[in-house]
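J.: Sharing a structure with you now.
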Amino acid sequence: MLDIDFVRAQFPAFEEPSLEGQAFFENAGGSYTCRQVIDRLVRFYRERKVQPYAPYRASELGGAEMDEARARLAGLLGVSADEVSFGPSTTQNTYVLAQAFRQWMDPGDAIIVTNQDHEANTGPWRRLADDGIEVREWRIDPETGTLDPEQLSKLLDDRVRLVCFPHCSNVVGEINPVAVITAMAHAAGAFVCVDGVSYAPHGLPDVGAMGADIYLFSSYKTYGPHQGIMVMREALGRLLPNQGHYFNADSLYKRFTPAGPDHAQIAACAGMVDYFEALAAHHGVLGETPAATGAAVHDLMRAHEIELLQPVLDYAAAKNSVRLIGPADAAMRAPTVALEANVPGAALAAQLADHGIMAGGGDFYAVRALEASGVNMDRGVLRLSFVHYTSKSEVEKLLDCLDQVL
């Protein structure tokens, strides 16, 4: 079982007097930052805030730490170091990728997107229609929010070049079978781009084992600084046109990052791996490979989250005054729970704040998914999202407070 006291001791936010007595349930918008990341960020700004990769000590240390972050994250993700790159955000990374595909594809080619996505992932791809690319929509079941792979099979043919879908939605929460969907797309001759922003906080996946060609997530939602992290497998990365400086075209991790890198934040991302490895060591589950360690930490996080999530889902399912979006089985979803009520979600979030519950209300840039689910967009939803550092007592407090405001 997850040692919650050890976990919370790794996050300075739980020692912060201004946050005392408040329970954080808007983690889908961004997580607390672990101590290891903060320490590395402070050290970089104090000791290594110079142009990296020059032949003097501070610069050598800064560059080495940036390389360390890339290599160690790649190990956890089951890919090579050159296949991991950093950008200012996942939104920006997706936009750059869309421009690469815009150049590579021909009019009449097709891509598949879903209406389960966060707009930052689906919007840039949909704009390819302006250049004659056919955009096909894989639609959710309006009752369940589910993406049915059988419906995807009806959209696949030899004109499809790319299938874009979320690992899980930031409102529906259901975990999509990435390996199954990827195999279907590959069999039809298409590549896949997986938006992992809403899934990665609950355990970094083994991207290599899943087979995805592109996997995107955000470090500020996975206990780190504000960076977008992108896995681009080499076969596809070498095929797509270079979007970076022409003289960096031979470097895979620079081909899709035209902006100058944030040296300090990239270096601090190594602290995310420090944290995951500290969790593994404390619980005695360090693996023989970094990917095995990542898998063990993933399972620790998910087991704890599932245990805490099921009472929240049971509560929502039993309440006539709210409608739960997505599955009622905790094992099938991430602990990101969207509730529709007969009052605006933002108003409910404001009432919960008065009780020491930090939550959010609105559409969360998932307008297409909520509209497809029949949600009244004038009200939106209340979103309650947590991660592995959430305690059982905080969940109990949440349920008590929901009783008072609903």
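J.: Suppose each label sits 7 Å from its Cα in the direction of the beta carbon; what would the His186-Ala347 distance come out to in nanometres?
T.: Distance between the two pseudo-spin positions: 5.0 nm.
J.: In addition: Each residue of the range 175-186 in turn: what ³J(HN,Hα) in whole Hz from Karplus with 6.51, -1.76, 1.60 and θ = phi - 60°, glycine and Pro shown as x?
T.: 7, 7, x, 4, 4, 5, 5, 4, 4, 5, 5, 4
J.: Next question. Out of residues 5 or more away from Asp206 or on other chains, whose amide H comes under 5 Å of its own, with H placed 1.01 Å from N in the peptide plane?
T.: Distant-sequence amide H within range of Asp206: zero hits.
J.: I'd like the accessible area for Ser251: 1.4 Å probe, protein heavy atoms, all chains in place, Å² to the nearest 10.
T.: Approximately 30 Å² of Ser251 is accessible to the 1.4 Å probe.
J.: Can you list, largest first and rounded to whole Å, the semi-axes you get for the chain by taking the square root of 5 times each eigenvalue of its Cα gyration tensor?
T.: They are 32, 29, 18 Å, listed largest first.
J.: How do 232-241, 363-372, 9-18 rank on mean C-beta neighbours within 10 Å, highest first? Provide the component values of the computation, followed by the final result.
T.: Values: 232-241: 16.5, 363-372: 21.9, 9-18: 13.2.
Answer by packing, highest mean first, reads 363-372, 232-241, 9-18.
J.: In whole percent, how big is the carbon plus sulfur part of the accessible area of the chain, probe 1.4 Å, protein atoms only?
T.: 51 percent
J.: Within 13 Å, Cβ to Cβ, of Lys319, how many net charges do the neighbouring residues add up to if Lys/Arg are +1 and Asp/Glu are -1?
T.: Local charge sum for Lys319: -2.
J.: Suppose R0 equals 35 Å. What FRET efficiency, 1/(1 + (r/R0)^6) with r the Cβ-Cβ distance, do Ala317 and Arg102 give to the nearest 0.05?
T.: That gives a FRET efficiency of 0.20.
J.: Shifting gears a bit: Answer rounded, prolate or oblate for the range 41-273, using the Cα gyration tensor with square roots of eigenvalues a ≥ b ≥ c: rounded when a/c is under 1.5, else prolate when a/b is larger than b/c, else oblate.
T.: Taking the square roots of the gyration eigenvalues as a ≥ b ≥ c, the range 41-273 is prolate.
J.: Once phi is turned into ³J(HN,Hα) by the Karplus curve 6.51 cos²θ - 1.76 cosθ + 1.60 with θ = phi - 60°, what whole-Hz value does each residue of the range 256-268 show in order, with x for glycine and proline?
T.: 10, 10, x, 7, x, x, 8, 4, 5, 5, 4, 4, 5
J.: Where only protein heavy atoms count, and the probe is 1.4 Å, what is the accessible area per residue for the chain in Å²?
T.: Averaged over the residues of the chain, the accessible area is 39 Å².
J.: Of the DSSP beta bridges with both residues in the chain, give the percent that are antiparallel, rounding to the nearest 5.
T.: Taking every DSSP beta bridge within the chain, about 50 percent pair in antiparallel fashion.
J.: Rounded to the nearest 500, what is the 222 nm mean residue ellipticity of the chain from helices alone, with -39500 (n - 2.57) per DSSP H run of 4+ residues and division by all residues? Walk me through the numbers before you get to the answer.
T.: Details: 15 runs with 168 residues, N = 406.
Value at 222 nm, helices only: -12500 deg cm²/dmol.
J.: Can you list residues whose amide H is under 5 Å from Ser169's amide H, if they're 5+ apart or on another chain and H is modeled 1.01 Å from N?
T.: Amide H neighbours of Ser169: Glu174.
J.: Just to make sure I understand: if all protein chains stay in place, what is the order of Thr114, Thr289 by accessible area at 1.4 Å, largest first?
T.: Largest accessible area first, the residues go Thr289, Thr114.
J.: Please report the accessible area of His263 (heavy atoms, 1.4 Å probe, ligands and nucleic acids excluded) in Å², nearest 10.
T.: Roll a 1.4 Å probe over it and His263 shows about 40 Å².
J.: Based on the alpha-carbon gyration tensor of the range 94-217 and its eigenvalue square roots a ≥ b ≥ c, which shape applies: rounded if a/c is under 1.5, prolate if not and a/b is larger than b/c, or oblate? Intermediate values should be presented prior to the final figure.
T.: Working: a/c = 1.43, a/b = 1.36, b/c = 1.06.
In terms of gyration-tensor shape, rounded.
J.: Give me the number: length gained by fully extending Arg238 to Gln151, i.e. 0.36 nm times residue separation minus the C-alpha to C-alpha distance, one decimal in nm.
T.: That works out to 28.2 nm of additional length.
J.: Cβ under 13 Å from Glu60's Cβ, Glu60 left aside: what net charge do those residues give with Lys, Arg +1 and Asp, Glu -1?
T.: Working: positive: Arg48, Arg57; negative: Glu47, Glu65, Asp67, Glu68.
Its environment carries a net charge of -2.
J.: Still on this model: Is the shape of the range 1-111 best called rounded, prolate or oblate, per the rule: a/c under 1.5 gives rounded, else a/b larger than b/c gives prolate, else oblate, with a ≥ b ≥ c the square roots of the Cα gyration tensor eigenvalues?
T.: The shape class here is oblate.
J.: May I pose another question? What list of ³J(HN,Hα) couplings, whole Hz, do you get for the range 204-221 from phi and the Karplus terms 6.51, -1.76, 1.60, once you set θ to phi - 60° and write x for glycine and proline?
T.: 5, x, 8, 5, x, 5, 6, x, 5, 7, 9, 9, 10, 7, 10, 6, 6, 9
J.: Something else about it: Between the range 340-406 and the range 272-302, what is the separation of their alpha carbon centroids in Å?
T.: 31 Å
J.: Here's a follow-up. Report, by chain and number, residues whose modeled amide H sits under 5 Å from the one on Leu162, excluding near sequence neighbours (fewer than 5 apart, same chain).
T.: Here Ile112, Phe191 satisfy the definition.
J.: Hey, rough spin-label estimate for Ser18 and Val50, points 7 angstrom out along Cα→Cβ, what's it come to in nanometres?
T.: 3.4 nm
The values are calculated or read from the model by the stated rules, or taken from the named source; none is laboratory data. As the structure is a computational prediction, the values presented were derived from the model and not from experiment. A quick note on method: Cβ atoms are made from the backbone with ideal geometry, for glycine too, and the neighbour counts reach across all protein chains shown. The protein model used for the area step is the full one, side chains on, heavy atoms only, and it has no ligands, DNA or RNA in it. Shrake-Rupley method; radii C 1.70, N 1.55, O 1.52, S 1.80 Å.
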